[in-house]
Amino acid sequence: MDTTLSLLRLCLLVAMVTAHSGHHGEPPKSFGDPNVIGDQEHLKQHMKGQINMDKPMSPAEMEFHYFRLHDTNNDTLLDGLELLKALSHMIPPMDFAPQEISGKTAVEVENMRNQRVREMMANFVQIIDNVLQLDDRDKDGYLSYPEYSMARRRDAQKMKEMQEKMLRDANMQKEAMLSKQQQPYNTGL
C-alpha cells in the first residue's frame, strides 16, 4: 500500500511539475530534470530581490530556494496551506474545451467550473495528506527542509529506477519483436 501511495504521489508530482512548467518554460524530461527544481527563471520571477541571481546556483541551492519560495510565512516549514498554495500555483484550474461548454448556458458553465474546482481541491487535500503522511518524519504536521529534501531524493531515486525498468522492458520487447521478425514465415503448406 505504501508503495502504491508513493507511486501515485510521484505521478501526481510529475504531473504538477509538468503543468507548472507550462507557464514558466519547457516541460521536464524526467522527474530529476533540472527544470523541476532548477528553473532559475522561475526563481528569478518569484524571488526577485531576495536572492542573488547573478551567479549560477548548485542543484542543492536551487532546491533550497525552491523550498523557500513556498515557505510564505518564513518559518522554515511548509504547512498544509503553503502546500495548497504551491499546488494551486503549479496546477491552475483547467479551461474548458470548446466542445465541453458548447450549448451550455452561463449558469451551467459556472456550475461545471465550480464542480471542477471542488474536485481539484479534494485532490489537493489528498495530495497534501499523502505528502505529510509519507514525508513528515517527526509527525509535527509540517514539512521541514530536511524532510522535503529527503523525500525529493527518494522520489528521484524511485523515478530513476522506474525509468530504468521501463527501458529494460522496452528493450526486451524490442528484442523479442526482432527475434520474431527474423524467424522464417510459415505458411502452413
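Quick note: the coordinates plus some simple rules give every number you see, no bench work behind them. Since the model is a prediction, treat every value here as computed from it, not as a measurement. Please note: Cβ atoms are built from the backbone with ideal geometry, for glycine as well, and neighbour counts cover all protein chains shown.
For region 82-147, what mean projected area does the convex hull of the alpha carbons give, in nm²?
Mean orientational projected area (region 82-147, Cα hull): 5.3 nm².
Of the chymotrypsin sites (Phe, Trp or Tyr not before Pro) in region 96-176, which ones lie in a loop per DSSP and count no more than 14 other C-beta atoms within 10 Å?
Taking region 96-176 and a limit of 14 other Cβ atoms within 10 Å, the loop chymotrypsin sites (Phe, Trp or Tyr not before Pro) found are 96.
By the gyration tensor of its Cα atoms, with a ≥ b ≥ c the square roots of the eigenvalues, what is the shape of region 117-174: rounded for a/c under 1.5, prolate for a/b over b/c, or oblate?
Since a/c reaches 1.5 but b/c is at least a/b, the shape of region 117-174 is classed as oblate.
So what's the gap between the Cα centers of region 121-164 and region 83-105, to the nearest angstrom?
A separation of 25 Å, based on Cα centres.
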